[in-house]
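Visitor: To start, I am sharing the structure in question, which I have written as structure tokens.
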Amino acid sequence: MYPDDRVLVGVINRRRDFELLHRQLWYRIPIMSAPLCVDTDYMAFYLSRTFKEQNGTISYYARRTGFELACRRDLLPDEPDHPRAAEMYFKLQFRTLERKMPPITNPSRRVISFIYTTWERFETARTVSDLYVRGRG
């Protein structure tokens, strides 16, 4: 881990998506709503209100080991009739899922979709605001 390693923070809104991450070690991002770059060293995961006690925290992260393009129906074969079944997704793969201790909190309740940051910022952050690069000036 180097201070300038790239970290992308993404949101997990559904328990099933967390289970896929936890058990199968992958995360999907729809191409149509993907950030500018998914070629990142690490991915961190912001948990939504679905996760009650962990709501609004970045409690997990993983080193990215690969990524590929895949059709949603191939990623989630149990949802063949989903309205976006034919759409393409980035499938990011990981070797292990790690706990972020202490978790990064979001006391300001800032809305999050994706955040780019560095390993140095991620490692020392206590709140989501700490992840952002501040302007020089």
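The values are calculated or read from the model by the stated rules, or taken from the named source; none is laboratory data. Since the model is a prediction, treat every value here as computed from it, not as a measurement. When we count neighbours, we look across all protein chains shown, and the Cβ atoms used for this are built from the backbone with ideal geometry, even at glycine. Protein only, heavy atoms only, side chains kept; ligands, DNA and RNA dropped before computing areas. Shrake-Rupley method; radii C 1.70, N 1.55, O 1.52, S 1.80 Å.
Visitor: Per DSSP helix of 4 or more residues, -39500 (n - 2.57); summed, then divided by the residues of the chain. What does that give at 222 nm, rounded to the nearest 500?
Guide: -3500 deg cm²/dmol
Visitor: Ok, one more. For region 19-123, give the percent of accessible area contributed by carbon and sulfur heavy atoms, probe 1.4 Å, rounded to a whole number.
Guide: 50
Visitor: Given contacts defined as C-alpha pairs under 8 Å and at least six residues apart, what's the relative contact order of region 1-108, whole-number percent?
Guide: 30
Visitor: Still on this structure: Grab the other residues whose beta carbon is less than 12 angstrom from that of Arg6, score K and R as +1, D and E as -1, and report the net.
Guide: -2
Visitor: Still on this structure, I have one more. Whole angstrom only: what separates the Cα centroid of region 64-109 from the Cα centroid of region 1-61?
Guide: 7
Visitor: Sequence-distant or interchain residues sharing an amide H contact under 5 Å with Val11, placed H: which?
Guide: When sequence neighbours closer than 5 places are left aside, the close amide H contacts are Tyr46.
Visitor: Let me ask something else. Determine the sum of side-chain charges near Phe90: Lys and Arg each +1, Asp and Glu each -1, restricted to other residues whose C-beta is under 9 angstrom from that of Phe90.
Guide: +1
Visitor: What angle, in degrees between 0 and 90 and rounded to the nearest 10, separates the Cα long axis of helix 15-24 from the longest principal axis of the Cα atoms of the chain?
Guide: With rounding to tens, the tilt is 90 degrees.
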